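Okay, structure first, notes after.
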Amino acid sequence: MAAIAIGGVSGAAIGAAAGMAALAAVPVVVGALGFTAAGITSGSIAANWMSAAAIASGGGVSAGSLVAILQSIGAAGLSAATYVAGAAIGGAGGGAGGVLLRAILRI
């Protein structure tokens, strides 16, 4: 069964592009929350989350916690492997969506 094409572009290609675009937005959003390369911005949402996480864990932010992961993304961004995985997952989802749409429309 062929993938459905929209204006010559397959559902898998659209899904891959959407996956990449969504991942490209992650560092921007994380930075806007206050997780930056220079550290957590004073008075930001990130600072409030860090304070709450430190209080909850008895004085420090636990490695692997959401705050630690978001700070890592803010400091270093996402790896190339993450973008490749996002494109692959988006492509698979777009391809599956195209097949499903084709089945529904019986094209």
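The values are calculated or read from the model by the stated rules, or taken from the named source; none is laboratory data. Remember, it's a predicted structure, so these values are computed and weren't measured experimentally. Counting neighbours? That spans all protein chains shown, and the Cβs are built from the backbone with ideal geometry, glycine included.
Computed quantities for the displayed model
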| quantity | calculated |
| --- | --- |
| Answer from V67, V84 - the residue that is surrounded by 16 or more Cβ atoms within 10 Å (Cβ to Cβ) and either β-branched (V, I, T) or within 24 Å of A54 (Cβ to Cβ) (or both) | V67 |
| Checklist (1) under 13 Å from V30 (Cα atoms); (2) crowded, with 16+ Cβ neighbours inside 10 Å; (3) modelled with pLDDT of 85 or more applied to S72, failing item | (2) |
| Residue count for the stretch 25-58, restricted to those that are out of contact with any Phe, Trp or Tyr (no Cβ under 7 Å at 6 or more places or on another chain), surrounded by 13 or more Cβ atoms within 10 Å (Cβ to Cβ) and either under 15 Å from A68 (Cα atoms) or not hydroxyl-bearing (S, T, Y) (or both) | 20 |
| Given (1) hydroxyl-bearing (S, T, Y); (2) surrounded by 15 or more Cβ atoms within 10 Å (Cβ to Cβ); (3) closer than 30 Å to A12 by Cα, index of the condition S79 fails | (2) |
| Filter pass, L78 being touching a residue at least 12 places away in the same chain (Cβ under 8 Å), in a helix (DSSP H, G or I) and not basic (K, R) | no |
